[in-house]
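**Q** One structure, as structure tokens, below. Some questions next.
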Amino acid sequence: MAPAVTALQRDVDPMWHGEDVTIAVVLTALDDIRLKFARAEAGDDADHLHPRSCVMTLIGIAPDDQQEKVASLATQAIGMEHPAQAIVLREEAPLAGDRLEAWITTDVRRPEVACAVQCELITLHVKGPAEEHLGPLLDPLLVSGVPTYLWWLGTPPFGRRELLDALRICDGLVVDSAEFERPHQSFQQMSGMLTLVHHRLGLADLQWSRLRPWREMIAQFFSPLDRRPFLEGISEVGIDYSGEARGNRIVASLLTGWMASALGWRLRRATAGTGGVVVAHYERGDRTVEVEFRSVPKDGLVPGELSSVRIAGLSRGTTFRLGVHHNPERARGRDIDFPERRGHDTARVLLTIIEIGDGEPLRHVQQLESEDEVTLLLDLLSTGTHDEVFNRSVAAAAALMEQF
């Protein structure tokens, strides 16, 4: 597991720093640093330098100082466990000159059973929007033969031709829709990119990784063979979320889009009422599925975060109900008190309740894993950014969000 972001050293003296320089100067400095390291490791055998290892290039685009720090620490943490070239580009930086300000920071890892690896972080400060600089600046720095991932912190300029041109050098674009300035509009624009960008480019959202425990709990309920028919019997879905504004419904819409696209539901209509309530009706064949979103205030949850998912229906004369609850309240009744399975960090708990027919309810408590940027990024990058399930879920979510 990669080290936590907070465990990394924040202020490290760079190996090199240049003000008002060109990308050619940065490349020369980088080559010198790599050559010195290779010669030092080779020792007396200077004619046989060890080849440099690199599995990917990870580029973080930061709109401000705080996001630059997050990007730097996260890319460093990943590079310390996986030999990667890390680049952080700070846009709209307050520069004295018209050219770049750049830093190169290194850290050497010495595995017990392998050659030493030098992890590099290249930080570039540029004037103006990042999309105007991506191609010319980053292309010379890229390592051939390995994938290039672009992690855009904040809100990417979706729809801008400069962004689409810049993405030609990338294999994957990673965003976090939880950080969008105009969530509803930006998510719709993001979904439109699925048909605009080149076929090699994958699209990923950290929100999709945050939804993994919810998706797994729902999928596991229907996994046993004797419960598969329940999929055809779903009649109602309820999702509670935090916050009332329509931009806070992205995660609820994404989870609904995942179910609808997987089960072949067709959206017929959707309406939004007061207090953050949304009611949508889907059809498949002669069946109707009603989906309801509710805004439910809950301590400890950020706007847009899910607090509960409920799925119910009837199949072959048997009723079923599934409930997945985030940070559930402790109850007085003995039937749902579970102190032995619950730690002090109650905000990191999912409680699953299963009711089938007249049987006794089944309960399961799951402690959730960390959701820091390193963990979420590694989850996405380990499986690749070309995820057709995610793509069709985004498309279905966007179609739903268009209705409200």
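**Q** Can you tell me which residue among Glu305, Glu283 is free of Cβ contacts under 8 Å to residues at least 60 places away in the same chain and either of a type in the set (Asp, Glu) or touching a helix residue (DSSP H, G or I) at 6+ places or on another chain (Cβ under 8 Å) (or both)?
**A** Details: Glu305 fails: free of Cβ contacts under 8 Å to residues at least 60 places away in the same chain.
Only one candidate passes the filter, namely Glu283.
**Q** Can you tell me which condition Gly192 does not meet? The list is (1) in the same structural domain as Leu350 (by TED's automatic domain parsing); (2) assigned to a helix (DSSP H, G or I), and all the others hold.
**A** (1)
**Q** Take region 356-404 and flag every residue that is touching a strand residue (DSSP E or B) at 6+ places or on another chain (Cβ under 8 Å) and acidic (Asp, Glu).
**A** Just the residues of region 356-404 that are touching a strand residue (DSSP E or B) at 6+ places or on another chain (Cβ under 8 Å), to begin with: 356-357, 361-368, 377, 380-381, 384-387, 390-391, 394, 396, 399-400, 403-404.
Asp387, the sole residue that qualifies.
**Q** Could you say which residue among Leu89, Leu58, Leu73, Leu30 is touching a Lys or Arg at 6+ places or on another chain (Cβ under 8 Å), at pLDDT 90 or above and either surrounded by 15 or more Cβ atoms within 10 Å (Cβ to Cβ) or part of a strand (DSSP E or B) (or both)?
**A** Working: Leu89 fails: touching a Lys or Arg at 6+ places or on another chain (Cβ under 8 Å); Leu58 fails: touching a Lys or Arg at 6+ places or on another chain (Cβ under 8 Å); Leu30 fails: touching a Lys or Arg at 6+ places or on another chain (Cβ under 8 Å).
When all the criteria are applied, what remains is Leu73.
**Q** Report whether or not Gly313 is in contact with a helix residue (DSSP H, G or I) (Cβ under 7 Å, 6 or more places away or on another chain), over 30 Å from Gln67 (Cβ atoms) and either small (Gly, Ala, Ser) or at pLDDT below 85 (or both). Even if it seems obvious, please write down each step before you answer.
**A** Details: in contact with a helix residue (DSSP H, G or I) (Cβ under 7 Å, 6 or more places away or on another chain): yes; over 30 Å from Gln67 (Cβ atoms): yes; either small (Gly, Ala, Ser) or at pLDDT below 85 (or both): yes.
So Gly313 passes the test.
**Q** Oh, and also: If Val146 meets every condition in (1) within 29 Å of Leu30 (Cβ to Cβ); (2) under 22 Å from the mean Cα position of the chain (by Cα); (3) not in a loop (DSSP other than H, G, I, E, B) apart from one, which number is that one?
**A** Against the list (1) within 29 Å of Leu30 (Cβ to Cβ); (2) under 22 Å from the mean Cα position of the chain (by Cα); (3) not in a loop (DSSP other than H, G, I, E, B), Val146 comes up short only on (3).
**Q** While we're looking at this one, here's another question. Out of Gln189, Gln185, report the one residue that is surrounded by fewer than 16 Cβ atoms within 10 Å (Cβ to Cβ), of a type outside the set (A, V, I, L, M, F, W, C) and closer than 30 Å to Arg246 by Cβ. Walk me through it before giving the result.
**A** Working: Gln189 fails: surrounded by fewer than 16 Cβ atoms within 10 Å (Cβ to Cβ).
Residue meeting the stated conditions: Gln185.
**Q** Still on this structure: Every residue in region 351-403 that is outside any helix (DSSP H, G or I), buried (at least 20 other Cβ atoms within 10 Å of the Cβ) and not β-branched (Val, Ile, Thr), please.
**A** Of everything in region 351-403, just one residue is outside any helix (DSSP H, G or I), buried (at least 20 other Cβ atoms within 10 Å of the Cβ) and not β-branched (Val, Ile, Thr), namely Leu351.
**Q** Next question, about the same structure. Residues being modelled with pLDDT of 90 or more and either assigned to a helix (DSSP H, G or I) or loosely packed, with under 12 Cβ neighbours inside 10 Å (or both): count how many of those fall in region 336-350.
**A** Step one: list which residues in region 336-350 are modelled with pLDDT of 90 or more, which gives 349-350.
After this cut, where a residue has to be either assigned to a helix (DSSP H, G or I) or loosely packed, with under 12 Cβ neighbours inside 10 Å (or both) as well, the list is none.
Total satisfying the criteria: 0.
The values are calculated or read from the model by the stated rules, or taken from the named source; none is laboratory data. What you see is a predicted model, and the numbers here were worked out from it, not measured in a lab. Don't worry about glycine lacking a Cβ; one is built from the backbone with ideal geometry, like all the others, and counts go over all protein chains shown.
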